[in-house]
Amino acid sequence: MQSIADAFGKVGGTPALEKALAGEEELSYEDGVQLMNEENLFLLGAAADRLRRDLCGNTVTFVASYYLNYTNVCAASCPLCAFYRKGNEEDAYTLSTEQVVARAKIAIEQMGATELHIVGGFHPKLGLEYYENMMRAIKSEHPKVTIKALTPAEVFFIARLTRNSVKEVLLRLKAAGLDALPGGGAEIFHPDTRKKIVIGKCSGEEWLDTARQAHELGIRSNCTMLFGHIEKPEHIVDHVIKIRELHKKTGGFTTFIPLKFSLENTELEQKEMIKSESSSPYDLRVIAVSRLLLGNTLKNISVYWVALGKKISQVALSYGGNDMVGTAFSEEIFKAAGKASGTSLQELASMVREIKREPAQRDTFFNIIQRF
Ligand code: SF4
């Protein structure tokens, strides 16, 4: 056991940080709120970085991932979203099975993607067969590729739309080739924030329950949190603890991805509910507090460079992050909100080398494929 004075000299630190550094007890909700509101950012980062090093070592991973957004048509209309269109809008689109398979072929054969990250809007007219056909068609040509498709929010919507249970939808998709779920749609679970940033999407409890059911069927998933909009620090803490508690029961999350909110072209911007994106110190605080709250329970924390920007992502890897998500070939959702997307494995590797860590390509489930 080491005190803050031992670790960093006589520079102070909250009781919650002392507790985190001692590492003997899990942090409580109150501890998390104290770290969000009161802790010195440098100390917070140093403690999170030490825990990251203890749990994950110096390797920073990423996956060769191709983003396939099968439709931008959405029955919901979330004020946080710049991506969705209504079906009658000129730039609304829905890909056919043939188009999806053609893109998958390019992704796998020409770009070296090992994972297809397939998400879209809540299309009000697509039946379950659309998704089954898509997955079967991909797997028949590319049996080895990992299909990471449909967030818990999409699965919940499809279940409601097609009048199936969530379990039935998951079982049918798994039989068609689904390997894992992406972690989107979680946003912020706390209803005080959630009801203002999403309209027509499942509740936080429904998202968590859908993820739980997926895990129980052997379908692992990512989990996310969208931060940097109108949430309160307590809502961040509440969200991360709910993820931690579910992971304790199922062990089904592969990684936690705190996503920085992108403002451009969203209703939250147009209605001036938010005037600017969150500051980098706040972003780093969220990542560091997430690391300390997740403790020994969930060891992977991904820094999503598309949302955060490449430079702050490099810093965030010293505030608790151990993974960079991936190449994000063809990403459309953050692109709609003005963010550049898509990079190469080599660029990610050199970003990692620049901070004196060890880059490695991983698969969807965090098995190392190659080191650089
Ligand atoms: S965030 Fe998702 S559910 Fe909400 S409007 Fe956008 S695409 Fe639709």
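When Q213 is tested against (1) closer than 25 Å to E30 by Cβ; (2) in contact (Cβ under 8 Å) with a residue 12 or more places away in the chain; (3) touching a helix residue (DSSP H, G or I) at 6+ places or on another chain (Cβ under 7 Å), only condition (1) is not met.
For region 181-197, name all the residues that are surrounded by fewer than 22 Cβ atoms within 10 Å (Cβ to Cβ) and among the hydrophobic types (A, V, I, L, M, F, W, C). Matches in region 181-197: F189 only. Residues of region 61-90 that are outside any strand (DSSP E or B) and away from the ligand (no atom under 14 Å from the Cβ): A64, N88, E90.
What are the residues in region 65-104 that are of a type in the set (F, W, Y), free of Cβ contacts under 8 Å to residues at least 40 places away in the same chain and surrounded by 20 or more Cβ atoms within 10 Å (Cβ to Cβ), if any? First the steps, then the outcome.
We begin by selecting, within region 65-104, every residue of a type in the set (F, W, Y); these are 66-67, 70, 83-84, 93.
Narrowing further to those that are free of Cβ contacts under 8 Å to residues at least 40 places away in the same chain: 84, 93.
Matches in region 65-104: Y84 only.
Residues in region 120-144 that are open to solvent by less than 30 Å² (accessible area, probe 1.4 Å) and within 22 Å of L345 (Cβ to Cβ) were compared, and the one that is farthest from the ligand (Cβ to nearest atom) is H142. Taken residue by residue, region 345-361 has no member that is within 18 Å of the chain's Cα centre (by Cα) and without any contact (Cβ under 8 Å) to a residue 24 or more places away in the chain. In region 14-27, the residues that are among the β-branched types (V, I, T) reach residues that are part of a helix (DSSP H, G or I) and surrounded by fewer than 18 Cβ atoms within 10 Å (Cβ to Cβ) with C-beta atoms within less than 7 angstrom, at least six apart or across chains, in these pairs: T14/E38.
Checking each residue in region 26-53 for being farther than 15 Å from Y319 by Cβ, in contact with a Gly (Cβ under 9 Å, 6 or more places away or on another chain) and open to solvent by 10 Å² or more (accessible area, probe 1.4 Å) picks out only E26.
Residues checked against (1) open to solvent by less than 30 Å² (accessible area, probe 1.4 Å); (2) touching a residue at least 60 places away in the same chain (Cβ under 8 Å); (3) more than 21 Å from G120 (Cβ to Cβ):
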{"position": "N296", "(1), (2), (3)": "no, yes, yes"}
{"position": "N300", "(1), (2), (3)": "yes, yes, yes"}
{"position": "Y304", "(1), (2), (3)": "yes, no, no"}
{"position": "L308", "(1), (2), (3)": "yes, no, yes"}
{"position": "Y319", "(1), (2), (3)": "no, yes, yes"}
{"position": "N322", "(1), (2), (3)": "yes, yes, yes"}
{"position": "E332", "(1), (2), (3)": "no, yes, no"}
{"position": "G338", "(1), (2), (3)": "no, yes, no"}
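Which of the helices (runs of 4 or more DSSP H) found entirely inside region 270-372 contain at least 1 residues meeting this: under 27 Å from G23 (Cα atoms)?
Values: elements: 280-294, 305-308, 310-316, 345-354.
Where helices (runs of 4 or more DSSP H) fall fully within region 270-372 and carry at least 1 residues being under 27 Å from G23 (Cα atoms), they are 280-294, 310-316.
Scanning region 145-165 for residues that are open to solvent by less than 20 Å² (accessible area, probe 1.4 Å) and either more than 18 Å from V325 (Cβ to Cβ) or within 14 Å of the ligand (Cβ to nearest atom) (or both) gives L150, T151, P152, A153, E154, V155, I158, A159. Considering the conditions (1) at pLDDT 95 or above; (2) open to solvent by less than 30 Å² (accessible area, probe 1.4 Å), A107 is excluded by exactly one of them, (1).
The values are calculated or read from the model by the stated rules, or taken from the named source; none is laboratory data. What you are looking at is a predicted structure, and each value in this text was computed from that prediction instead of being measured. All Cβ positions, glycine included, derive from the backbone under ideal geometry; neighbour counts span all protein chains shown. SASA here: full protein model, heavy atoms, side chains in, ligands and nucleic acids out. Shrake-Rupley method; radii C 1.70, N 1.55, O 1.52, S 1.80 Å.
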